[in-house]
Amino acid sequence: MAESAVPLLSSLQSIVGEANLLTAESDVAPYVNDWRGFFHGRARAVVRPSTTAEVAAVVRACAEQRVAIVPQGGNTSLCGGATPHDGEIVLSLSRLSRVRAVDAANATLTVEAGVSLARVQQAADAAGLLFPLSLAAEGSCTIGGNLSTNAGGTAVLRYGNARDLVVGLEVVLADGRVWDGLKGLRKDNTGYDLKQLFIGSEGTLGVITAAVLKLFPKPRASATAFAAIADVDAAVALLGELKQALGDRLTGFELVSRYCIELTRRIFPAFADPLPGHPWYALIQADDAAADSPLAAQLEAALAGAVEKQLARDATIAQSAAQADALWSLREHIPEAQRRDGHNMKHDVSLMVSRIPGFLREAQARLDAAFPGIRYVVFGHLGDGNLHYNLTAPERVSREEFLGGTARANRIVYDLVGELGGSFSAEHGIGQLKRGELVRYKPEVELELMRRIKRALDPGELLNPGKVV
């Protein structure tokens with residue numbers, strides 16, 4: 001260990017205590033490797049503060065010695081956004097785990113950054129309300145990480161992204177000062193909306209330590225359906241039909257390919273196959289706050305009409321909460337099935353919903369020509385235009401040979417997304433994985449504005465270096 005590190009580590013230990021300053025290689029290892037096993041770094045130490053004051057003191061101590069910090073929540077990033085490079089301090093926010101306040105009358109919840117998304121949902125539920133952000137990693141991801149990446153999930157169609165669910169933030173700035181913006185106001189027209197700078201900034205502008213979140217009426221009637229579809233054009237048409245039939249009660253509309261079902265059931269054989277033998281599926285969720293809502297009957301009627309119009313081939317509606325949970329669990333296990341199946345090329349893209357069928361046709365034509373036999377793991381949130389467009393190696397092609405073509409495949413996919421006016425990162429962020437793509441596809445004026453903001457808020461470039469900009 002370098003001599004210069006000793007005074008800093010001693011200072012950090014005095015702030016958080018000996019048990020919460022980790023320096024042994026075995027203790028640090030879980031914090032320096034990403035969930036996908038793609039990024040591996042080295043940290044000088046992992047520090048685990050338990051209060052905002054401790055976070056501020058840690059940041060201030062590091063700033064004084066010009067030592068960089070990597071904020072980390074649940075370490076579930078898919079773009080290496082929470083993984084250190086070489087010798088930074090990992091600032092784990094896992095001990096900032098308190099639910100500070102529930103204001104049912106104001107429909108808000110104040111929580112610290114290290115609270116898991118599942119616990120946020122549970123706290124809202126205990127108050128008779130709903131926090132609608134939902135994604136597969138909700139048991140392990142934290143709300144601080146969700147906000148720092150502007151997480152999307154399965155309910156964006158109705159409730160919006162993470163940034164739409166926040167009314168106030170508390171943030172530790174790069175010099176250790178604390179900005180207390182924990183207001184539960186839905187209207188505050190007193191200048192720039194500073195919280196939106198930090199949401200989606202992946203810890204490069206400040207460290208989110210707490211947030212005031214919006215809550216909503218808890219659904220008292222729900223309906224979940226699984227529909228078999230001939231092609232994605234029909235899926236888009238079906239989405240339009242259901243929007244007309246159900247209005248804003250349509251919460252989620254997930255597109256799933258047949259290959260996704262087969263892959264997930266191969267890795268997790270206990271899952272049933274809801275409607276075998278079709279090329280595409282839609283997983284549909286609708287919710288209503290009225291307990292006596294005829295929602296299930298209306299969804300059933302809308303799907304019956306869709307079958308008559310040949311927008312769907314078949315459909316099944318969950319008859320119990322357990323059946324609905326099984327359908328959602330099948331969908332949510334797709335990423336884990338991919339991870340266990342082996343390395344693949346992931347693309348988290350968004351497009352206007354109307355352009356998704358054309359994108360899928362053209363992308364497959366270009367990729368088939370470049371990588372004969374390539375397999376497609378396509379699923380995602382069709383309702384808001386977000387696809388997880390993932391590629392798996394052809395049979396009898398080695399992992400090394402396949403992954404060697406990643407740059408070429410990325411160009412094919414992202415160039416086409418750009419041609420169609422889409423985004424190469426819908427909900428996973430930039431991290432270190434997509435910094436080059438940001439430079440390639442963002443207009444120079446946008447990049448310059450982002451760099452100016454970074455210089456203004458973090459002039460020493462000590463917050464999550466090597467990420468985003």
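Values quoted throughout were computed directly from the atomic coordinates according to the rules given, and no laboratory measurement underlies them. Just so it is clear, the structure is predicted and the values come from calculations on it, not from any experiment. We place every Cβ from the backbone using ideal geometry, glycine too, and count neighbours over all the protein chains shown.
Distance from the Cα centroid of segment 413-469 to that of segment 216-281 is 32 Å (rounded to whole angstrom). Placing +1 on the Cβ of every Lys and Arg and -1 on the Cβ of every Asp and Glu, with nothing else charged, gives segment 5-92 a dipole about its Cα centre of roughly 140 debye. Taking amide H atoms as placed 1.01 Å from N in the peptide plane, the amide H of Val167 lies under 5 Å from those of Val212, Leu213, Lys214, each 5 or more residues away in sequence or on another chain.
Shown in residue order for segment 56-63 are the 3J(HN,Hα) couplings computed by the Karplus curve 6.51 cos²θ - 1.76 cosθ + 1.60 at θ = phi - 60°: 4, 5, 5, 4, 5, 5, 5, 5 Hz (x for Gly and Pro). Among DSSP beta bridges whose residues both lie in the chain, state the antiparallel percentage, nearest 5. Once the DSSP bridges in the chain are tallied, antiparallel ones form about 85 percent.
Taking Cβ atoms as reference points and 12 Å as the exclusive limit, the residues near Ala221 contribute a net charge of 0, counting Lys and Arg as +1 and Asp and Glu as -1. For Lys454, the lysines whose Cα falls under 17 Å of its own Cα, not counting residues fewer than eight places away in the same chain, are Lys195, Lys442, Lys467.
Close amide H contacts of Ala45 (hydrogens built in the peptide plane, cut-off under 5 Å, sequence separation of 5 or more or a different chain): Val90. Straight-line reach from Lys183: which aspartates and glutamates have Cα under 16 Å away, leaving out those fewer than 8 places along the same chain? Excluding near neighbours in sequence, the set is Asp103, Glu112, Asp164, Glu170, Asp193. Between the residues Leu169, Phe271, Val353, the greatest Cα displacement towards the positive end of the dipole of the chain, with unit charges on the Cβ of Lys, Arg, Asp and Glu, is found for Leu169. Comparing Cα centroids, segment 296-365 and segment 144-214 end up 30 angstrom apart.
Packing here is the average count of other Cβ atoms within 10 Å per residue, and on that basis the peptides 225-232, 261-268, 452-459, highest first, run 225-232, 261-268, 452-459. What you get for segment 289-376, charging only the Cβ of Lys and Arg (+1) and of Asp and Glu (-1), is a dipole of about 460 debye around the Cα centre.
Across segment 274-291, computed HN-Hα scalar couplings (Karplus, 6.51 cos²θ - 1.76 cosθ + 1.60, θ = phi - 60°) run x, 9, x, x, 10, x, 9, 9, 10, 9, 10, 10, 10, 9, 9, 6, 8, 5 Hz from first to last residue, x flagging Gly and Pro. Within the shell of other residues whose beta carbon sits under 11 angstrom from the beta carbon of Ser423, the net charge comes to -1, with Lys and Arg scored +1 and Asp and Glu -1. By the helix-only formula, in which each DSSP H run with n ≥ 4 contributes -39500 (n - 2.57) and the sum is divided by residues, the chain has a 222 nm mean residue ellipticity of -10500 deg cm²/dmol. When you restrict to C-alpha pairs under 8 Å that are six or more residues apart and normalise by the size of the chain, the relative contact order lands at 15 percent.
Placing R0 at 45 angstrom, the Cβ-Cβ distance between Thr316 and Asn106 gives a FRET efficiency of 0.65 after rounding to 0.05.
Just so you know, the Rg over Rh for segment 48-189 is 0.97, from Cα atoms, with Rh as the Kirkwood radius. Taken one residue at a time, the phi angles of segment 86-103 give Karplus couplings (6.51, -1.76, 1.60, θ = phi - 60°) of 8, x, 6, 8, 7, 9, 7, 9, 5, 8, 7, 10, 9, 8, 7, 7, 10, 10 Hz. Gly and Pro are set to x.
About the centre of its Cα atoms, the chain shows a dipole size close to 400 debye [charges on the beta carbon of Lys, Arg (+1) and Asp, Glu (-1) only; nearest 20 debye].
Short to long, the 20 Å bins of the Cα pair-distance histogram for the chain hold 23, 55, 21, 1 percent of all pairs.
Solvent-free Debye calculation, one equal scatterer per alpha-carbon of segment 415-469: log10 I(q)/I(0) at 0.25 Å⁻¹ equals -1.10. When segment 221-335 is described by a simple charge dipole with +1 on each Lys and Arg Cβ and -1 on each Asp and Glu Cβ, the residue from Ala282, Gln244, Ala296 located farthest towards its positive end is Ala282. Let me know the whole percent of all Cα-Cα pairs from segment 221-335 that are separated by more than 26 Å. Value for segment 221-335 (Cα pairs over 26 Å): 14 percent.
Loop-resident trypsin sites (Lys or Arg not before Pro) (DSSP state other than H, G, I, E or B) in segment 146-225 with no more than 16 further Cβ atoms inside 10 Å of their Cβ: Arg177, Lys183, Arg186, Lys187, Arg220. Each DSSP beta bridge with both residues in segment 5-92 is either parallel or antiparallel, and the antiparallel ones are about 25%. Short-range pairs are left out: with C-alpha atoms under 8 Å and at least six residues apart, the relative contact order of segment 5-92 is 35 percent. Using C-alpha pairs under 8 Å with a sequence gap of at least 6, the mean separation divided by the residue count of segment 259-380 gives a relative contact order of 40 percent. Candidate cross-link partners of Lys243 among the aspartates and glutamates, defined by an alpha-carbon separation under 13 Å and a same-chain spacing of 8 or more, comprise Asp287, Asp384.
What shape does segment 5-92 take by its C-alpha gyration tensor, where a ≥ b ≥ c are the square roots of the eigenvalues and a/c under 1.5 counts as rounded, a/b above b/c as prolate, and the rest as oblate? Prolate shape, in that a/c is at least 1.5 and a/b is the bigger ratio.
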